[in-house]
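Worksheet: one structure, shown below.
The values are calculated or read from the model by the stated rules, or taken from the named source; none is laboratory data. Only a predicted model underlies this, so the values are computations on that prediction, with no experimental measurement involved. All Cβ positions, glycine included, derive from the backbone under ideal geometry; neighbour counts span all protein chains shown.
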Amino acid sequence: MMSDSTTPPAPGRFRRFRESDFFYAFTRSPVAMASFAVVALLVLSSLLAPLIAPYNPFDPASLNLMNGFTAPLAPNAFTGESFLMGTDDQGRDVFSTILYGMRISLFVGFAAVLFAMVLGITLGLLSGYFGGWVETIIMRAADIQLTFPSILVAMLIFGVAKGVTPVEYRDEMAIWVLIFAIGLSDWVQFARVVRGATLVEQGKDYVAAARLIGQRPTTIMIRHILPNVLSPVLVIATISLALAIIAEATLSFLGVGAPPTQPSLGTLIRIGQGYLFSGEWWILFFPACTLLALALSVNLLGDWLRDALNPRLK
Amino acid sequence: MSEPVLSIRNLTVEIPTRHGIVNPVRNVSYDLHPGEIRGVVGESGAGKSMTGNAVIGLLDPPAHITQGEIWLKGERVDALDFEAKRRMRGREISMIFQDPLTSLNPLFTVGEQLVETIQLHLGVSASEAKKRALALLDRVSIPNPEERFNQYPHQFSGGMRQRVVIALALCSEPSVIIADEPTTALDVSVQAQVLDLIKELARERQVGVILVTHDMGVIADTTDTVTVMYAGEVVENGTTDQVLGAPTHPYTRSLISAVPRPTVKLDRFPLIEYGKREGGFKIEALAQSWPRTKTSDSGRLLEVKGVTKRFLERGSLIPSWRSYFTAVDEVSFDIHDGEVFGLVGESGSGKSTVARMIATLYPMDGGDIVFDGVPLSTMGAEGLAAYRRQIQMIFQDPFSSLNPRMKVGDIVAEPLHHHRLLPRGEVDQRVRQLLDWVGLAKDAWRKYPHEFSGGQRQRISIARALATQPRFLICDEPTSALDVSIQAQILNILKDLQEHLGLTMLFISHDLPVVRQVCDRVGVMRRGQLVEVQDTETLFTAPEHGYTRELLSLMPKLEQLDTAV
């Protein structure tokens, strides 16, 4: 009989993480810690928006047009109310709108990257593992898509989707169409990286050992190859997240993204730029700063992740 | 004796890590005289290469010298600044690395690289440098140096490339050459020539050579003096005859006894007992749980009948435009029940391709493989599944054969789950037993592969291979990535498997002494063809084919070692 009485208990997941080189590298990088703190702060405050925000900007009933164009921290001439970051043309509190708008930006960003990731990883694994004509078709499609700027692809998809959806569902569908459009314009780099990594991994003997016992290609791809190609994917996903947030802002800025009743950061910037030269700078300034902080810190985090996960740089 | 050209005194290297300070080199001292070849031998991680890197000032930070002195031609060099070290590195000390492909720049011709180096160090005119470069190429026995001068590194074979690297090392007329495993990446036939060249040049030019190697055969054939290192320390220092003939340190003694001999066949490999060693292989316990291995009706478990494998060299939509490279050309042999059949040959001879066709990893382009009377080509999906259950494979590289993201227990359990050999609840129990039998610690199942050494990983591979209780085991260079001491343990395990369980094996190797010790019959492959099949004894004592004779003559002779044990 075997007994485990002589062996020490296995260290828990949390302890293994605390003792890992990854965590150690994190505690040694002020940039990583700072950007992680900023991202965490922004994500948390947008998640808790209903608790933190003084107003609900998505509820038209709570808006008072008289409060329009109130400067930050200055009492409104008519109502006497005062706002941390001022109000926009419709009397929406900019601070609350940023919190709620960031929810849309982050949701669209995360969902679009997830969509691009699933699509890209699947196609990359297939083309790397099977090669031949499967690879030719997938990778040529990727090449063709890369010849169009991704924002153009997203706008095209958005335009087509808008045309085929009935008018009454358009505002509801807008967010999902955004996600689909941004995700579809972004899968190529995932597919390329995964294909490259798959080519390397499938030459290794552990894959041969799995094929030797007769495992099916899908099992080998998911169980054996996928976990070994995820590190570069994680890095790209982080950097893509920043890009997707910016893409969403760009589309909304161009007026093809989030509907005006549910403004995202991009919509706010679009509203703000109309009043920039008439003195109401705050409508543009605060959302733009938030977008900058969000995109920059996610990018820096991705940059650090790339260094930390790349064994060749150690 | 003359003044030493290089002298290392009490050298200690330190690497600070987050888990504390590591000393990969501790208190190492040795001298090198002009024209002397000093072999530095030891297991991987013994600090052999690290000492060499410290000498030329190429330690990777944060590693640094904390103690000791290095004297070069009467001048102390360890304390020089970076710039002075850089100058000394090219001029006085040259290096020859293991892989000749990466030490040459692929974008420049061989001639350009030689001329540039000569001009840099000797400051001569371009035409004078070219003259010297041609003379060097001629000296390292490159045929048609005039023509070869304008060729790129990829146009040279591995052995030729290493000759160019040697020529490059001689450019600055150095007084010391550090050769770090210079022949490990080369075939035996080429290895002997390159070593002879190094030997000649050391004598002729009075250059001191530090030859870092793990191969006792190389030490015995090439070196004048030997330094044996173990765990960062020098355990023995002396002339080659003295160290190999009458080793004084127990580690040296056991290291020498673990080297497979080409001449005598032993029952078991003597194990290295010095230092901390892994747990034993529990063959009796394993044998008790093993069902009696079935024998085939014909006595021939596996028949390979004229198999051929061609790889696509140039693809095209039009079939007649495609061109192929024939890796295996109509190879036929039989493997009898319970025997170990060896397949030897140089790299590229097609021996691994044969193994992979037997393992169904490559489809065959011709011929057939018959297992226990049933041809592979007639097996349906069920027949193939049954076939795969009865064959298993142990791979060469223990670092790539285990999935780094899976726990060891899951790796070993995988064949059991896949073939549904046991009820789910009993799998864990069996996995732990298997790991225990191959000599791993009790908590091995919950660790990941990177937590184990090369030898331990190869034991995990063996446990995975034994999980399905196969009848036939394919071993593709199972020990060539391992140290000689670990090699002895793994080979003993394989021998136990054959004797106690009656396993039939295909053993692929380029190492003839190992083949002599392990195999019952041997096939010799050359350029995709099987040139000779013989009983091991007959093959080694009376080879028939000219190529076999050539291979045998190139084996390092280890007579000196035999007097020692």
**Request:** Could you list all residues from region A:195-224 that are touching a Phe, Trp or Tyr at 6+ places or on another chain (Cβ under 8 Å), aliphatic (A, V, I, L, M) and either under 23 Å from A:Arg140 (Cα atoms) or at the interface with another protein chain (Cβ under 8 Å from one of its Cβ atoms) (or both)?
**Result:** A:Ala208, A:Ala209, A:Met221
**Prompt:** Can you name every residue in region B:422-462 that is under 24 Å from the mean Cα position of the chain (by Cα) and closer than 18 Å to B:Gln288 by Cα?
**Reply:** B:Val438, B:Gly439, B:Ile462
**Number of the condition not met by B:Ala385 [criteria: (1) surrounded by fewer than 16 Cβ atoms within 10 Å (Cβ to Cβ); (2) within 11 Å of chain A (Cβ to nearest Cβ); (3) within 21 Å of B:Ala355 (Cβ to Cβ); (4) under 29 Å from the mean Cα position of the chain (by Cα)]** = (4)
**Request:** Would you mention how many residues in region B:458-470 are surrounded by fewer than 24 Cβ atoms within 10 Å (Cβ to Cβ) and basic (Lys, Arg)?
**Result:** 0
**Count - residues of region B:438-484 that are within 11 Å of chain A (Cβ to nearest Cβ) and among the aromatic types (Phe, Trp, Tyr)** = 2
**Message:** Among the residues of region A:72-95, are any in a helix (DSSP H, G or I) and either aliphatic (A, V, I, L, M) or touching a strand residue (DSSP E or B) at 6+ places or on another chain (Cβ under 8 Å) (or both)?
**Reply:** yes
**Boolean, B:Leu422 is crowded, with 17+ Cβ neighbours inside 10 Å and either modelled with pLDDT of 90 or more or more than 9 Å from chain A (Cβ to nearest Cβ) (or both)** = no
**Message:** Every residue in region B:302-327 that is touching a strand residue (DSSP E or B) at 6+ places or on another chain (Cβ under 8 Å), more than 23 Å from B:Asp535 (Cβ to Cβ) and either among the β-branched types (Val, Ile, Thr) or not in a strand (DSSP E or B) (or both), please.
**Reply:** B:Thr308, B:Trp321, B:Arg322, B:Thr326
**Message:** When the residues of region A:31-78 are narrowed to those that are polar (S, T, N, Q) and within 17 Å of A:Phe95 (Cα to Cα), which ends up surrounded by the fewest Cβ atoms within 10 Å (Cβ to Cβ)?
**Reply:** A:Ser62
**Request:** For region B:168-189, enumerate the residues that are among the charged types (D, E, K, R) and either farther than 26 Å from B:Gly111 by Cβ or in a loop (DSSP other than H, G, I, E, B) (or both).
**Result:** B:Glu173, B:Glu181, B:Asp187
**Fill in**
Considering only helices (runs of 4 or more DSSP H) wholly within region B:445-551, the ones with at least 2 residues that are of a type in the set (Asp, Glu) are B:484-501
**Complete:** Scanning region B:400-410 for residues that are more than 8 Å from chain A (Cβ to nearest Cβ) and touching a helix residue (DSSP H, G or I) at 6+ places or on another chain (Cβ under 7 Å), the one farthest from B:Thr468 (Cα to Cα) turns out to be B:Lys407
**Message:** Against the definition (charged (D, E, K, R), in contact with a helix residue (DSSP H, G or I) (Cβ under 7 Å, 6 or more places away or on another chain) and at pLDDT below 90), how does A:Asp303 come out, yes or no?
**Reply:** no
**Asked** Looking at B:Arg26, B:Arg38, which one is part of a strand (DSSP E or B), over 22 Å from B:Ile198 (Cβ atoms) and of a type in the set (Lys, Arg)?
**Response** B:Arg26
**Asked** Which pairs do you get when a residue that is within 14 Å of another protein chain (Cβ to nearest Cβ), found in region B:2-18, comes within reach of a residue that is part of a strand (DSSP E or B), reach meaning Cβ atoms under 7 angstrom, with the pair 6+ apart or on two chains?
**Response** B:Ile15/B:Val22; B:Ile15/B:Pro24
**Asked** For B:Leu101, which of the numbered conditions (1) over 27 Å from the mean Cα position of the chain (by Cα); (2) modelled with pLDDT under 90; (3) assigned by TED's automatic domain parsing to the domain that holds B:Gln206 fails to hold?
**Response** (1)
**Prompt:** Can you spot a residue in region A:240-253 that is away from chain B (no Cβ under 14 Å), farther than 30 Å from B:His417 by Cβ and more than 17 Å from the chain's Cα centre (by Cα)?
**Reply:** yes
**Prompt:** Is at least one residue of region B:22-40 exposed (fewer than 15 other Cβ atoms within 10 Å of the Cβ), free of Cβ contacts under 8 Å to residues at least 40 places away in the same chain and not assigned by TED's automatic domain parsing to the domain that holds B:Asn237?
**Reply:** yes
**Fill in**
A:Thr27 vs (1) at pLDDT 75 or above; (2) polar (S, T, N, Q); (3) surrounded by 13 or more Cβ atoms within 10 Å (Cβ to Cβ): all pass except (3)
